[in-house]
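Below is one structure; the comments refer to it alone.
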Amino acid sequence: MTDFLQLLLSGCATGGIYALAALGFTLLWQASGTINFAQGEFVMLPAFLMLGFGFAGLPLPLAFLATCVLAVAVLGWAFKRGVADPLLRHGLMPVVVATIGLAIALRNGVRAGYSAEAHPFPSLFADRLFTVAGVNVTLADLGTLALALALVLATQAFLNRTVTGRAMQAVAQNTESATVLGINVPRMVFYVFALNALLATAAALLVTPTYLAKFDMGEGLGTKAFFAAIIGGFNNSRGALLGGVIVGVAENLAAAYISPAYKDAVALLLFMVVILFKPEGLMGRKEIRKV
């Protein structure tokens, strides 16, 4: 039972990181109809930017803030203006193909321009171990879980309780009606892209101490975040949290009780089961399209 609880807690911590990346998928889809298959690389790139700022002498908190600014400019504004806006007018498929190509370009660019080796990344949390009721808990797991949950809940509160957040949701639900109501639709869509860049940077800060900074770290992370978004419900941002936790916990349990070789296959299996029996996701809603 003790081992199970340890696996459950560490799985929730990992799932919280998946949820941050999955939330980016759902936000972009709801606000602009964009599916970004470079989402994992959007987590990888800020990790290397923070490393670069660290080598320049900035402490981790300042490196994180500087990376947030660059991420909003490059992964938010430049991605929206350079990839999403020109291609969405031609349909979803060009965006999908372009983001897959962007993911490959970012991976190879970091490998060629920085290094193909894995680099250690400083952790926000001290290397401490607690024992509660016989369960060994690391400060890193507790801190990662708490911060990931706080960020997801803060994003939800922003969307539901602020004027800007409600305007962003109005744009996601009906662009034409939002325009009639006087909402600046392009600005709200940009805010979504900027928010996605900030969430990806936060995910990089939490996940890289474990994954290490490596050019291909985003490949698996992006795939699992996509599966988590589908499992929770691609059109429901709260579902991203549920899907991320389910994937993280299931991976840990499968690795411990079946075989570590099956760890990466669990997310795919869960994805296939949900698609077959509840295509809209566990918390998603059915969408009816008129043709």
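The values are calculated or read from the model by the stated rules, or taken from the named source; none is laboratory data. Everything quoted here is computed from the prediction, not taken from an experiment. For neighbour counting, all protein chains shown are included, and Cβ atoms are generated from backbone atoms with ideal geometry for every residue, glycine included.
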Here is a check on your reading of the model: is residue 8 surrounded by fewer than 24 Cβ atoms within 10 Å (Cβ to Cβ), over 23 Å from residue 252 (Cα atoms) and touching a residue at least 60 places away in the same chain (Cβ under 8 Å)? no
Can you name the residue in segment 166-198 that is not β-branched (Val, Ile, Thr) and not in a helix (DSSP H, G or I) and, of all such residues, is nearest to residue 28 (Cα to Cα)? 174
Yes or no: segment 111-129 includes at least one residue that is in a loop (DSSP other than H, G, I, E, B), aromatic (Phe, Trp, Tyr) and over 30 Å from residue 7 (Cα atoms). yes
Please state which of the following conditions residue 92 fails to meet, knowing it meets all the rest: (1) at pLDDT 90 or above; (2) more than 16 Å from residue 192 (Cα to Cα); (3) among the aliphatic types (A, V, I, L, M). (1)
Inspect segment 247-259 for any residue being over 25 Å from residue 120 (Cα atoms) and among the polar types (S, T, N, Q) and give the result as yes or no. yes
Taking the stated definitions as given, is residue 182 without any contact (Cβ under 8 Å) to a residue 24 or more places away in the chain and surrounded by fewer than 22 Cβ atoms within 10 Å (Cβ to Cβ)? yes
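Table: residues versus (1) within 12 Å of residue 209 (Cα to Cα); (2) of a type in the set (Phe, Trp, Tyr).
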{"position": "99", "(1), (2)": "no, no"}
{"position": "107", "(1), (2)": "no, no"}
{"position": "118", "(1), (2)": "yes, no"}
{"position": "121", "(1), (2)": "yes, yes"}
{"position": "124", "(1), (2)": "yes, no"}
{"position": "131", "(1), (2)": "no, no"}
{"position": "139", "(1), (2)": "no, no"}
{"position": "143", "(1), (2)": "no, no"}
